[in-house]
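First the structure, in the form of structure tokens, and then the observations on it.
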Amino acid sequence: MKTTGRPQAQTGSKTIDAGLGLLEILRDHPDGLTVSQLSRASGLHRNAVTRHLTALGRHRLVTRDGHTYSLGLGIVELNAAVRQRLRRAAAAELQKLADACHATAFITVLDTEDEAVVLTVVEPRGSNIHVAYRAGNRHPADRGASGIAILVGRPPRPGERAAVTTARSAGYSVTAGELQPGAWGLAAPICVDGRPAEASIGIVTIGEQDETAIAPRVLTAAHHIARLL
């Protein structure tokens, strides 16, 4: 009888899905969960959960403390590699955007479900006055143009701000004075292959700018960066 690899491929795909599902559950529970808790949250049998955790542990994606499992340092290393790739892909586009808009341009990433962090910043060349913005700045994900823009590129959540819903229909976010008095920002999500956005690109200036002129430039930069990732 002739055999194909399809059943094995399907089994492998389900195994990967189950493992990734457990990682996503642990992401939302930083204090860790037991096998029983993971079993209830995932709908998987306890024995299956244990097998997946063992495999993930071999790659340091989960760590065990007594009966509790949490995300391991392997996740941090993978995250660092992804962020470095994003920095490299964004460098030229950020500078181009900053110079064209005469404004500080930056990339923001979703660090936790509810918090965003500025990953990298580029200042415009030839501009005497611009906003000083520091990489590493953190703020609530639903505040500021950059955080809202990331949420724009993700599925709607119950109870989300009206500002997020409004920005989703436009495809980008505009805010004034939310994170810094007098500052005006516009940002767009960076969506790769239709997946939920994990980052955004935007600009910040002192005083309101021409949205109709800035938005197309920011959207184009987001699209170009997404194509490089």
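Remark: the chain carries 57 Å² of accessible area per residue (probe radius 1.4 Å; ligands, DNA and RNA excluded).
Would you mind calculating the relative contact order of the chain from Cα pairs under 8 angstrom and at least 6 residues apart, reporting the percent as a whole number? It rounds to 14 percent for the chain.
The relative contact order of segment 158-202, computed from alpha carbon pairs under 8 Å that lie at least 6 residues apart in sequence, is 25 percent. Rounded to the nearest 20 debye, the dipole size of segment 168-229 about its Cα centre is 220 debye, using +1 on the Cβ of Lys and Arg and -1 on the Cβ of Asp and Glu.
When the accessible area of the chain is computed with all protein chains present and a 1.4 Å probe, what percentage of it is carbon and sulfur? Taking all protein chains in place, the chain shows 53 percent carbon and sulfur surface. For the chain, a simple Cβ point-charge model (Lys and Arg +1, Asp and Glu -1, everything else neutral) yields a dipole of about 1100 debye relative to the Cα centre.
The values are calculated or read from the model by the stated rules, or taken from the named source; none is laboratory data. Worth saying up front: this structure is predicted, and the values here are computed from it rather than measured. All Cβ positions, even for glycine, are placed from backbone atoms using ideal geometry, and neighbour counts span all protein chains on display. The protein model used for the area step is the full one, side chains on, heavy atoms only, and it has no ligands, DNA or RNA in it. Shrake-Rupley method; radii C 1.70, N 1.55, O 1.52, S 1.80 Å.
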